[in-house]
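Where a number appears in this text, it was derived from the coordinates with a stated rule and is not lab data. Bear in mind that the values here come from a model prediction, so they are computed numbers and not experimental data. Positions of Cβ are generated from backbone atoms using ideal geometry, with glycine treated the same way; all protein chains shown enter the neighbour counts.
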Amino acid sequence: MRLDRFLTQQTRESSRQVRQFLLAGRVRVDGVITRDGSLKMAPMMEVILDDRVLQVGQAKYFMLHKPVGVVSATKDDKHRTVTDLFAAEVRTDLHIAGRLDLNTTGLMLLTNDGRWSRRVTQPETRIPKVYHVQTEDPIEAGYAEVFRQGIHFAYEGLTTLPADLDRLSSHSARLTLFEGRYHQVKRMFGYFDNKVIDLHRERIGGLVLDPKLQPGEYRQLTADEVAMF
Ligand code: URA
């Protein structure tokens, strides 16, 4: 809903009167004087007219240990979604800050704060995402240099950003990406015809998946964790 309509509903004043409130600088949204009535409202926005709070701002930030078989979406016809894992009273306005494939596990972030999730997911911010990877065939020593140089993705017409590969055993590695392309890890190993058989996201930036969370469990982020992005 637009801000001007919200204000008319809440104050029961005419739209003309509401336009005047806005022009006079009497409306603050999330602490900022806002004159644009066409602003799209989000449920967590704090809206104040003079000293009257019309909507209490309530931002939510969660980390989820995503299990296998759950879709990174808020709605899906076939599968359970990550938001289905949340309590009904919490999940209403949540969205996902960065997807994982159906069979990938690990750290996912969900919020109702669009500005925050954009900071987490924007490619320009180059936030490292760390994955634990298990492969069908041995990981050869030469992979690391190819991943560092970048791999050409013909479909998107781009070359992946330099990625760090740390080989942990013949068939497992820790891979750090600084972007998030579609099926990126699987396609990078696919370059060597090596199938990824297990993929788990351990970390996004400085935020590590809480080891206390079992697959399917979630918890709120602390203020310090929210401030990391
Ligand atoms: N790369 C993939 O291939 N899958 C994921 O889920 C995440 C990164």
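Could you compute the FRET efficiency for ASP50 and LYS195, with r as their C-beta to C-beta distance and R0 at 35 Å, rounded to 0.05? Write out the running numbers ahead of the final one.
Numbers: r = 62 Å, r/R0 = 1.77.
That gives a FRET efficiency of 0.05.
Going out from 0 in 5 Å bins, what whole percent of all Cα-Cα distances in segment 135-180 drops into each bin?
Going out from 0 Å in 5 Å bins, segment 135-180 shows 5, 22, 27, 22, 17, 6, 1 percent.
For segment 1-133, take the alpha-carbon Rg, divide it by the Kirkwood Rh, and send me Rg/Rh. Before the final figure, lay out each step's value.
Values: Rg = 18.6 Å, Rh = 17.0 Å.
With Rh from the inverse mean 1/r over Cα pairs, Rg/Rh is 1.09.
Quick check: net charge around ARG35, other residues with Cβ under 10 Å of its Cβ, Lys/Arg +1 and Asp/Glu -1? Don't jump to the answer; show the numbers that get you there.
Working: positive: ARG19, ARG26; negative: ASP36.
Value of the local net charge: +1.
Which FRET efficiency value, to the nearest 0.05, do you get for LYS40 and ALA88 by plugging their Cβ-Cβ distance into 1/(1 + (r/R0)^6) with R0 = 25 Å? Intermediate values should be presented prior to the final figure.
Details: r = 25 Å, r/R0 = 0.99.
So, using R0 = 25 Å, E works out to roughly 0.50.
What whole-number distance in Å separates the alpha-carbon centres of segment 1-36 and segment 50-85?
The two parts, judged by their Cα centres, are 28 Å apart.
From the cross-link list LYS78/LYS212; LYS40/LYS60; LYS60/LYS195, which pairs have alpha carbons spaced over 27 Å apart? Intermediate values should be presented prior to the final figure.
Details: LYS78/LYS212 29 Å; LYS40/LYS60 19 Å; LYS60/LYS195 37 Å.
Beyond 27 Å between Cα atoms: LYS78/LYS212; LYS60/LYS195.
Which percent of the Cα-Cα distances in segment 128-204 go past 22 Å?
Values: 354 of 2926 pairs.
Considering segment 128-204, 12 percent of its Cα-Cα pairs are separated by more than 22 Å.
What list of ³J(HN,Hα) values in whole Hz, one per residue of segment 218-227 in order, does the Karplus curve 6.51 cos²θ - 1.76 cosθ + 1.60 (θ = phi - 60°) give from phi, with Gly and Pro shown as x?
9, 8, 6, 7, 7, 4, 5, 5, 4, 5
Quick one: which of 33-39, 211-217 comes out on top by average Cβ neighbours within 10 Å, and what's the full order, highest first?
My ranking of the peptides, most packed first, is 33-39, 211-217.
If I take every Cα pair under 8 Å that is 6 or more residues apart in the chain, average their sequence separation and divide by the length, what percent do I get for the relative contact order? Before the final figure, lay out each step's value.
Values: 423 pairs, mean separation 43.4, N = 229.
Answer for the chain is 19 percent.
Hey, could you get me the Stokes-Einstein D for the chain, Kirkwood radius over alpha-carbon pairs, 37 °C and 0.692 mPa s, rounded to whole µm² s⁻¹? Each step should come with its number before you reach the end.
Working: Rh = 20.0 Å.
For the chosen part, D equals 164 µm²/s.
Taking neighbour Cβ counts within 10 Å as the exposure measure, how do SER72, SER15, SER169 sort from fewest upward?
SER169, SER15, SER72
Based on the alpha-carbon gyration tensor of segment 80-171 and its eigenvalue square roots a ≥ b ≥ c, which shape applies: rounded if a/c is under 1.5, prolate if not and a/b is larger than b/c, or oblate?
Working: a/c = 2.72, a/b = 1.72, b/c = 1.59.
Cα axes put segment 80-171 in the prolate bin.
Using helices alone, I'd like the mean residue ellipticity at 222 nm for the chain: each DSSP H run of four-plus residues gives -39500 (n - 2.57), total over residue count, nearest 500. Don't skip to the end; give the middle numbers.
Values: 7 runs with 48 residues, N = 229.
-5000 deg cm²/dmol, from helical runs alone.
As a footprinting exposure proxy, order ILE151, ILE139 by other Cβ within 10 Å, with the fewest listed first.
Details: ILE151 18, ILE139 22.
Final ranking by Cβ density, sparse to dense: ILE151, ILE139.
Of the beta bridges DSSP finds with both residues in segment 1-144, what % are antiparallel, to the nearest 5? The partial results should precede the final answer.
Values: 17 of 18 bridges.
For segment 1-144, the DSSP antiparallel bridge percentage is about 95.
Which ordering of TYR155, TYR191, TYR218 is given by a fewest-first count of other beta-carbon atoms within 10 Å? The partial results should precede the final answer.
On the way: TYR155 8, TYR191 14, TYR218 20.
With the sparsest Cβ surroundings first, the list reads TYR155, TYR191, TYR218.
Residues in segment 153-170, backbone N under 15 Å from the label point at GLU136 (7 Å along the Cα-to-beta-carbon vector): list them, ranges by number please.
Correct set: none at all.
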